[in-house]
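What follows is a short report on a single structure.
Where a number appears in this text, it was derived from the coordinates with a stated rule and is not lab data. Predicted model, so just to flag it, every value in this text is computed and none were measured. A quick note on method: Cβ atoms are made from the backbone with ideal geometry, for glycine too, and the neighbour counts reach across all protein chains shown.
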Amino acid sequence: MYTFNPLEDDRWTAFIQDHPNASFFHTQGWLNSLKATYQYEPIAFTTSAPGTDLRNAIVFCKVQSWLTGRRLVSLPFSDHCEPLVENQDELRELLLYIEDFRKHDNWKYVELRPMLSRPFGQSAFQDTETYLLHLLDLRPDIDELLRSFHKDCAQRKIRKAEREGLEYEAGRTESQLQKLYGLLKLTRLRHNVPPQPIEWFRNLLNFTGASARIHIASKDGLPAAGILTLSHGRKVVYKYGGSNVRMNSLGGMPLLFWKSIQEAKFAGADEFDFGRSDTDNPGLIAFKDHWATRRLTLTYWRCQKNRQAAATSMWKTNLPKRTFASLPAGMQACIGRHLYRHIG
């Protein structure tokens, strides 16, 4: 078994370009953004010796926090991150080694966030959190895609946004980032959750090149909705979105998804990933169902000292949400700036 830093190993980029299960969350751009914003150091495990072609790998980040403990997470803030292996035997071999690595270095736990893989029966990895993932097949022609969407909840709202004359723009400029971040703050604070630091989004744009794209819908110059998409290979991921609730009736968010789907299709992508949803968020799940997507269940695994350890998503209980809700918006943003690096 071998470990290596995927930010320093020349084999990594070629490996994930060729691997069919690699996603944007495996890229050096994502890993560099995590390191620059939150000081997470990446580490990958493989059975391939240095100097040979990579045949497999499982990548993690080291989250070292006095608040939530020392953890290996694959990967922080990623919806999913599939172990890149050729078969179950390789996966079993790597997981056994990673279990020993955790014990030897006294990590609190190791967490994986796969899309497809399942832990083998004798593994110390156990199921933890479960989410839903929605994927849209982009291979049908564009008119067929539009017809497949829900008539009232998608098609009609797209047409309304067009009648309302919403202006659409897409790119990576600082001006577009400021518009998106303003909408993200409005949405996060509306849900009593602190916003991520703007440096996170700025680093994503800096480290990922054209793979990260901001989409904004505005009315009379006022931003109504915004989303951020990430692309790798033939897959595009919707990662972040926000809106001005007073303008939601204009259909800005459906328009942005339709524009993003069209752009992904015309760029040669064959899959649009709508991202993960909490299972207790029926409104968001229904919204994604309306786009002719197929649902997958995402189940994260964890190998830890204490199997009863609490999850580190602090705001999943009512108490933190009540606490954040009582604070001024500026203080909520400040808390988010310092808190997120402990979450991962």
By how many nm would the segment from D100 to T13 grow when fully extended, if each residue of separation counts as 0.36 nm and the alpha-carbon distance is taken off? 28.6 nm
Which of rounded, prolate, oblate describes the stretch 102-195, given a ≥ b ≥ c as roots of the alpha-carbon gyration tensor eigenvalues and a/c under 1.5 marking rounded, otherwise prolate only if a/b is larger than b/c? oblate
Need the full-extension length gain, Q262 to R70, defined as separation in residues times 0.36 nm minus the C-alpha distance. One decimal, nm. 64.9 nm
Once the in-chain neighbours fewer than 8 apart are removed, the lysines whose Cα is under 16 Å from K62 read K35, K103, K108
What is the calculated FRET efficiency for R337 to D278, with r their C-beta to C-beta distance and R₀ = 35 Å, to the nearest 0.05? 0.90
Could you let me know the centre-to-centre spacing of the stretch 151-168 and the stretch 1-68, using Cα atoms, in angstrom? 41 Å
Taking neighbour counts of Cβ atoms within 10 Å as a proxy for exposure, in what order, fewest first, do L112, L96, L255 appear? L96, L255, L112
Treating only the Cβ atoms of Lys and Arg (+1) and Asp and Glu (-1) as charged, compute the dipole magnitude of the stretch 139-269 about its Cα centre; round to the nearest 20 debye. 340 debye
Most mobile of W107, W200, W66 in a GNM of the chain (Cα contacts under 10 Å): W66
Under 5 Å, built H, 5+ apart or other chain: amide partners of R55: S48
Quick query: amide H of E271 versus all other amide H atoms, modeled in the peptide plane; which residues come in under 5 Å with a sequence gap of 5 or more or a different chain? L138, V236
Using the structure shown, list the pairs from K185/K265; K239/K305; K219/K259 with a Cα-Cα distance above 25 Å, or answer none. K185/K265; K239/K305
Calculate the spin-label point distance for A36 paired with I142, positioning each point 7 Å from the Cα along the beta-carbon direction, and give it in nanometres. 3.2 nm
Scoring only Lys, Arg, Asp and Glu (+1, +1, -1, -1) among other residues with Cβ under 15 Å from the Cβ of D10 yields -3
Is the stretch 139-269 best put as rounded, prolate or oblate by its Cα gyration tensor, with a ≥ b ≥ c the root eigenvalues, rounded for a/c under 1.5, and otherwise prolate when a/b is larger than b/c, oblate when not? oblate
Placing +1 on the Cβ of each Lys and Arg and -1 on the Cβ of each Asp and Glu in the chain, which of G165, P6, V63 has its Cα farthest towards the positive end of the resulting dipole? G165
Rounded to the nearest 0.05, what FRET efficiency do D152 and F120 have when you use their Cβ-Cβ distance and R0 = 30 Å? 0.10
May I ask you to compute the full-extension gain from R92 to N21, defined as 0.36 nm times their residue separation minus their alpha-carbon distance, rounded to one decimal in nm? 23.8 nm
At 7 Å along Cα-to-Cβ for each site, give me the label-to-label distance between A49 and R163 in nm. 7.0 nm
Of L84, L67, L177, which is the most mobile in a GNM of the chain whose springs link Cα atoms less than 10 angstrom apart? L67
Once amide H atoms are placed 1.01 Å from N in the peptide plane, what residues at a sequence separation of 5 or more from Q196, or on another chain, have their amide H within under 5 Å of its amide H? none
What ³J(HN,Hα) values, in whole Hz, does the Karplus curve 6.51 cos²θ - 1.76 cosθ + 1.60 give for the stretch 71-87 when θ = phi - 60°, with x put for Gly and Pro? 9, 10, 10, 10, 10, x, 6, 9, 5, 7, 7, 6, x, 9, 10, 8, 7
